[in-house]
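What follows is a set of notes on a single structure, which appears directly below.
The values are calculated or read from the model by the stated rules, or taken from the named source; none is laboratory data. These numbers were taken from a predicted model, which means no experiment stands behind them. Cβ placement follows ideal geometry from the backbone for every residue including glycine, while neighbour counts extend to all protein chains displayed.
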């Protein structure tokens with residue numbers, strides 16, 4: 001996915017974009033609750049962006065169609081979760097996965113299937129896997145296109161896996177995601193396995209969904225020969241635990257390492273980290289999210 005134009009550091013274009021907020025949700029989260037949380041932040045980002053587009057249109061301003069109150073600016077925010085077991089399908093999967101396939105998957109694995117609006121195909125989320133959703137407005141960073149954003153995610157994951165305390169040989173290939181040279185060899189002689197999946201959605205320059213890193217994941221959910229993960233039947237997935245025989249740090253710390261990596265590549269020098277329980281009604285989380293993510297004037 002990488003290209004020469006995506007090797008630079010992308011500078012923030014306004015004050016709000018210079019601070020990155022990281023919110024880690026403790027414990028195991030329900031996928032659909034996490035999706036509601038990210039959609040809440042996406043809509044707030046869109047509202048602020050759309051306001052500033054509308055205010056540049058004299059006709060809208062003269063006709064009084066501009067909202068009277070400017071929506072608050074939202075800091076670039078990274079949400080990190082560990083999910084209860086769930087299979088999710090990306091937009092490319094809608095054409096290939098029928099009701100019978102979904103029922104088969106749910107019956108055999110006793111795991112729910114959820115169709116999403118992210119890119120990519122079927123993947124698994126569950127305990128032992130850190131899932132990371134950066135919610136930000138691409139146009140707030142100089143030169144940050146959708147293609148470069150995906151490349152930035154890949155480079156950030158490689159930075160996590162190749163550095164302390166893992167020192168894995170991580171790399172990209174012609175297929176989106178991050179791969180490692182596994183200690184286990186396939187029958188065909190290759191040793192490359194997928195350790196991180198990426199699937200994003202960009203609407204009106206605002207990102208959602210993101211990436212996952214297999215830390216101590218139960219790989220039987222990902223490598224079951226009856227199901228194809230990420231549309232790549234010829235490859236298997238691995239985890240940090242599977243490669244090292246141990247997981248030196250907790251999943252929340254893996255998320256912290258990722259946030260440092262992506263902040264560096266976005267030219268962001270200030271990181272603020274928070275933890276939320278994720279328990280209770282989803283709506284009860286919104287005031288805390290507002291307090292963390294809204295830029296105060």
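Tally time: how many residues in region 271-285 are touching a residue at least 12 places away in the same chain (Cβ under 8 Å) and part of a helix (DSSP H, G or I)? So that I can check it myself, show each step before the final result.
The first filter runs over region 271-285 and keeps only residues touching a residue at least 12 places away in the same chain (Cβ under 8 Å), leaving 271-279, 282, 285.
Now restrict to residues that are part of a helix (DSSP H, G or I): 282, 285.
Total satisfying the criteria: 2.
Of 268, 202, 254, which residue is modelled with pLDDT of 95 or more, in a loop (DSSP other than H, G, I, E, B) and either closer than 17 Å to residue 157 by Cα or touching a strand residue (DSSP E or B) at 6+ places or on another chain (Cβ under 9 Å) (or both)? If you could, list the steps in order and put the result at the bottom.
Details: 202 fails: in a loop (DSSP other than H, G, I, E, B); 254 fails: in a loop (DSSP other than H, G, I, E, B).
Residue meeting the stated conditions: 268.
Any idea how many residues of region 31-85 are free of Cβ contacts under 8 Å to residues at least 60 places away in the same chain, within 18 Å of the chain's Cα centre (by Cα) and part of a loop (DSSP other than H, G, I, E, B)?
The number of residues fulfilling the criteria is 1.
Looking only at region 223-251, filter to residues that are over 16 Å from the mean Cα position of the chain (by Cα) and outside any loop (DSSP other than H, G, I, E, B); which one of those is farthest from residue 89 (Cα to Cα)? Give the derivation first.
From region 223-251, those over 16 Å from the mean Cα position of the chain (by Cα) are 223-229, 231-250; that's our starting set.
Now drop any that are not outside any loop (DSSP other than H, G, I, E, B), which leaves 237, 240-244.
On the way: 237: 17, 240: 24, 241: 25, 242: 25, 243: 27, 244: 29 Å.
Ranking the qualifying residues of region 223-251, first place goes to 244.
Among the listed residues 166, 113, which satisfies the condition of being at pLDDT below 95, surrounded by 14 or more Cβ atoms within 10 Å (Cβ to Cβ) and in contact with a helix residue (DSSP H, G or I) (Cβ under 7 Å, 6 or more places away or on another chain)? Walk me through it before giving the result.
Working: 166 fails: at pLDDT below 95.
Exactly one of 166, 113 is at pLDDT below 95, surrounded by 14 or more Cβ atoms within 10 Å (Cβ to Cβ) and in contact with a helix residue (DSSP H, G or I) (Cβ under 7 Å, 6 or more places away or on another chain), namely 113.
Given the options 210, 177, name the one that is at pLDDT below 95 and in contact with a helix residue (DSSP H, G or I) (Cβ under 9 Å, 6 or more places away or on another chain). Steps first, please.
Values: 210 fails: at pLDDT below 95.
Testing whether each residue is at pLDDT below 95 and in contact with a helix residue (DSSP H, G or I) (Cβ under 9 Å, 6 or more places away or on another chain) leaves just 177.
Given the criterion modelled with pLDDT under 90 and in contact with a helix residue (DSSP H, G or I) (Cβ under 7 Å, 6 or more places away or on another chain), identify the matching residue among 20, 66. Give the steps one after another, and end with the answer.
Details: 20 fails: modelled with pLDDT under 90.
Criteria check complete, one pass: 66.
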